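The values are calculated or read from the model by the stated rules, or taken from the named source; none is laboratory data. Owing to the predicted nature of the structure, the values given are computational and were not obtained by experimental measurement. Cβ placement follows ideal geometry from the backbone for every residue including glycine, while neighbour counts extend to all protein chains displayed. The area values use the complete protein model at the heavy-atom level, side chains included, leaving out ligands, DNA and RNA. Shrake-Rupley method; radii C 1.70, N 1.55, O 1.52, S 1.80 Å.
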Amino acid sequence: MITFEGKYKNLKARIFSEEPFAFLFVSIFYSFILSYFFKDENLKYYAYFLELALIILFVILTINTFKSIINKVTFNESNIKLEGEIFNKEWEKVIPLKEIKIEAKGNPSRSGLCGVTFYIKLKSKDNSYIINSFQTFSDKQILEIFNEFKKYKGEKIIIDEKLYLMRIQEKIEKCQ
């Protein structure tokens, strides 16, 4: 059994991260555009409706972004155990390794490789789980989690996955 533990980030820290504010600025921008194009008295109610729809969309996207976090990943011979929080309530999920697939991903950044946030997406037939969505794990831990998953599941690393792993390794060597 091997366990990887990331940093704890509470709900307040997740809410005040960068992504919810990006959604807010985009919705405000589109709100100004809508109010500019719908100046006519007959069309202003459509503008109000569209602005309300944007606000609702913003709230849904924001809640979906920060609601859950995974702090701890544990592997054993046949299962993976994910522990974290949904809002401020602790949860854990045990998933058989046979039923889950893994993908290494990265959120690109304008500041180059050092600004990229790498994460792991675990997909089962019912749900998907993202490890490192709020930068709670280091890049080295992400690399180790991916390799341990493949080892416990008995799968080989394919070329596409090797490219992401090489990028993570390059970031570790250059930026940390």
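Could you list, in sequence order, the residues of region 129-140 that are under 21 Å from ILE63 (Cα atoms) and in contact with a Lys or Arg (Cβ under 6 Å, 6 or more places away or on another chain)?
ILE130, PHE134, THR136
Mind telling me which of the residues ILE55, ILE80, ILE63, ILE86 ends up being of a type in the set (A, V, I, L, M), touching a residue at least 24 places away in the same chain (Cβ under 8 Å) and within 24 Å of GLN135 (Cα to Cα)?
Result: ILE80 is the single residue among ILE55, ILE80, ILE63, ILE86 that is of a type in the set (A, V, I, L, M), touching a residue at least 24 places away in the same chain (Cβ under 8 Å) and within 24 Å of GLN135 (Cα to Cα).
May I ask you to list pairs of residues, at least six apart or on different chains, whose Cβ atoms are under 8 Å apart, with the first in region 150-170 being free of Cβ contacts under 8 Å to residues at least 60 places away in the same chain and the second being open to solvent by 70 Å² or more (accessible area, probe 1.4 Å)?
LYS150/LYS156; LYS153/LYS98
Considering only strands (runs of 3 or more DSSP E) fully contained in region 10-106, which possess at least 3 residues that are open to solvent by 70 Å² or more (accessible area, probe 1.4 Å)?
It comes to 89-96.
Mind checking whether some residue in region 56-66 is under 28 Å from LYS98 (Cα atoms), modelled with pLDDT under 85 and either in contact with a Phe, Trp or Tyr (Cβ under 9 Å, 6 or more places away or on another chain) or among the aliphatic types (A, V, I, L, M) (or both)?
Yes - at least one qualifying residue is present in region 56-66.
Need pairs with beta-carbon distance below 7 Å; first residue farther than 21 Å from LEU11 by Cβ and within region 114-139, second in a loop (DSSP other than H, G, I, E, B) and open to solvent by less than 20 Å² (accessible area, probe 1.4 Å); sequence gap 6+ or separate chains.
Correct list of pairs: PHE118/ASN132; ILE120/ASN132; LEU122/ILE100; LYS123/ILE100; SER124/ILE100.
Condition first: touching a Phe, Trp or Tyr at 6+ places or on another chain (Cβ under 7 Å), of a type in the set (A, V, I, L, M, F, W, C) and surrounded by fewer than 18 Cβ atoms within 10 Å (Cβ to Cβ). Now tell me which residues in region 107-154 satisfy that.
ILE130
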